[in-house]
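Asks: There's a structure below that I have some questions on.
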Amino acid sequence: PLQKRRDCDFSYAGLKTAVRSVAEKMAEERGADTIDDLSREDKANIAASFQNVAIRHIEQRLDRAMSMVESEDDGIRSLAVVGGVAANAELRTRLEALCAKREDPWNMFVPHPRLCTDQGSMSAWAAIERLMVGSSDQPSGHDVYARYPFQFKSC
């Protein structure tokens, strides 16, 4: 997933293709007609391997992003994990470890898993947080972007 790139971008397109190729090869080796015919254990192993690599890639990119933020020395040491992916227990555990191992440990904020299934609730939470810091959607005095560029200056 764009491992050789030194920025914060990533894509799972190559990983998904690799997983499909491995599953097809495994089906052929097992004498199964299709991937659907693989055993439950084989499917679970493939899924676990995919999850492990996908999370490892998130860890690598996030570690890079955290280092960039730390180099700006603005005191930001917080990570919010939101959306449906935040319900994944393995991801939570590994990101908590990533935050804790920093030289200056980061705080991780993540809602209860029951709140991580609907993007609408995450949007509402983000709105509450914005209101609490006085952020506004009033365009006067603010730069307005049709598509906000979510990247650091050095990415």
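The values are calculated or read from the model by the stated rules, or taken from the named source; none is laboratory data. Just so it is clear, the model here is predicted, and its values are computed rather than measured. Using ideal geometry, Cβ is built from the backbone for each residue, glycine included, and neighbour counts are taken over all protein chains shown. Surface accessibility is based on the protein's heavy atoms, side chains included, excluding ligands, DNA and RNA. Shrake-Rupley method; radii C 1.70, N 1.55, O 1.52, S 1.80 Å.
Asks: It is to be established whether one or more residues within segment 136-144 are at pLDDT 80 or above and of a type in the set (A, V, I, L, M).
Replies: Scanning segment 136-144, I find no residue that is at pLDDT 80 or above and of a type in the set (A, V, I, L, M), so the answer is no.
Asks: Scan segment 86-104 and report the pairs whose first residue is closer than 23 Å to Gly120 by Cβ and whose second residue is open to solvent by less than 40 Å² (accessible area, probe 1.4 Å) and in a helix (DSSP H, G or I), with Cβ atoms within less than 6 Å and a gap of 6+ or a chain change.
Replies: Within 6 Å, the pairs are Leu91/Ile55.
Asks: Looking at segment 80-94, is at least one residue acidic (Asp, Glu) and open to solvent by less than 40 Å² (accessible area, probe 1.4 Å)?
Replies: Scanning segment 80-94 turns up no residue that is acidic (Asp, Glu) and open to solvent by less than 40 Å² (accessible area, probe 1.4 Å).
Asks: Any residue at all in segment 49-69 that is in contact with a Ser or Thr (Cβ under 9 Å, 6 or more places away or on another chain), within 24 Å of Ala126 (Cα to Cα) and surrounded by 13 or more Cβ atoms within 10 Å (Cβ to Cβ)?
Replies: Within segment 49-69, one or more residues are in contact with a Ser or Thr (Cβ under 9 Å, 6 or more places away or on another chain), within 24 Å of Ala126 (Cα to Cα) and surrounded by 13 or more Cβ atoms within 10 Å (Cβ to Cβ).
Asks: On to the next question. Might you let me know whether segment 32-45 holds any residue that is open to solvent by 70 Å² or more (accessible area, probe 1.4 Å) and among the polar types (S, T, N, Q)?
Replies: Within segment 32-45, one or more residues are open to solvent by 70 Å² or more (accessible area, probe 1.4 Å) and among the polar types (S, T, N, Q).
Asks: Residue check: is Arg77 open to solvent by 70 Å² or more (accessible area, probe 1.4 Å), in contact with a Lys or Arg (Cβ under 9 Å, 6 or more places away or on another chain) and either touching a residue at least 12 places away in the same chain (Cβ under 8 Å) or not acidic (Asp, Glu) (or both)?
Replies: no
Asks: Right, something else. Can you pull out every residue in segment 1-54 that is under 30 Å from Ala65 (Cβ atoms), part of a helix (DSSP H, G or I) and basic (Lys, Arg)?
Replies: Lys16, Arg20
Asks: Further question: Please state which of the following conditions Gly120 fails to meet, knowing it meets all the rest: (1) modelled with pLDDT of 80 or more; (2) within 20 Å of the chain's Cα centre (by Cα); (3) exposed (fewer than 10 other Cβ atoms within 10 Å of the Cβ).
Replies: The number of the failed condition is (1).
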